[in-house]
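Undergrad: I'd like to ask you about the structure that follows.
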Amino acid sequence: MFTNRIIWLAITLAFTLSVPSAGAQSGAGSGLYRIVSGSYNECCGIAGDLRSSLPNESQGFVRLTVDTQTELATMTFLGKDLQTFFRVVRCPDGDPLNFSLDYGFSFSNTIVFHIDPGPPPYSVYWNYTVSNSTDRLRIDGMVGIVQQNCTDLPTRFIHTNVVAVLLPGPRVRITEFSSEGALLFIQGRASATNVIEASADLARWTAISTNLMPDTLCPVCPFLLFRDTASTNLAHRFYRCFEIP
């Protein structure tokens, strides 16, 4: 009897989902994108117009997060270490400006980030357009500062024709069935936090585990194992896994 049940579980559990993000949708999806081309320049300071090609050490990736409930988005430029925010100095005695843009309005194939100048002393504003086609972004826009002091520093920071491709999400597969439950094998990116979700009908999903992928020198080697003990008494069980910031 138990052998038959294991065979049945093997059939139903084999339909395993691996999604790159929690916010997969028709428009630009949440996820980590690697910058492959584009340019960045700063202007209007004492040094004039400073232009550089992307990617570079300080701008190697873009993390896009789209809230599926509100359709609002956040976009953050990250260094090649995938952790350090890209930032610029507003004034030597002031806080740096992190390039993490909020309040993006998501449409079918475009996200618009627009903020009017904020309060003094810096009065920061930005205007960005992010278009997508399946698994890549095209980013154009500018962050500006209406400064009253530090006139020798740049006040406009511009991204032009920045193209970023979506990195694949973590992969999950079932490696074993037993009376203790299904054993899941999850492979992903080192030091990333991964959430495993389960469903009985592919419509309602419940998080069953959150794990930190172990660090490793091999970029394709990190993996972890998770035993789903709750699967032993279920006729149907589906899984998916995604990475969170």
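Undergrad: Can THR210 be described as modelled with pLDDT of 90 or more, closer than 23 Å to LEU32 by Cβ and surrounded by fewer than 17 Cβ atoms within 10 Å (Cβ to Cβ)?
TA: yes
Undergrad: Can you give me the ranges of the strands (runs of 3 or more DSSP E) entirely in region 159-237 with at least 1 residues that are touching a residue at least 40 places away in the same chain (Cβ under 8 Å)?
TA: The strands (runs of 3 or more DSSP E) meeting that bar are 171-176, 182-187, 193-199, 223-228.
Undergrad: Counting only residues that are surrounded by 17 or more Cβ atoms within 10 Å (Cβ to Cβ), modelled with pLDDT of 90 or more and out of contact with any Lys or Arg (no Cβ under 7 Å at 6 or more places or on another chain), which one in region 78-105 is farthest from VAL162 (Cα to Cα)?
TA: Residue satisfying both the conditions and the ranking: GLY104.
Undergrad: Separate question: Among GLY181, GLY169, which is the only one that is small (Gly, Ala, Ser) and either open to solvent by 50 Å² or more (accessible area, probe 1.4 Å) or farther than 30 Å from TYR40 by Cα (or both)?
TA: Only one candidate passes the filter, namely GLY181.
The values are calculated or read from the model by the stated rules, or taken from the named source; none is laboratory data. Bear in mind the structure is a predicted one, so any value in this text is a computation, not a measurement. We place every Cβ from the backbone using ideal geometry, glycine too, and count neighbours over all the protein chains shown. Quick note on the areas: whole protein, heavy atoms, side chains included, nothing else; ligands and nucleic acids left out. Shrake-Rupley method; radii C 1.70, N 1.55, O 1.52, S 1.80 Å.
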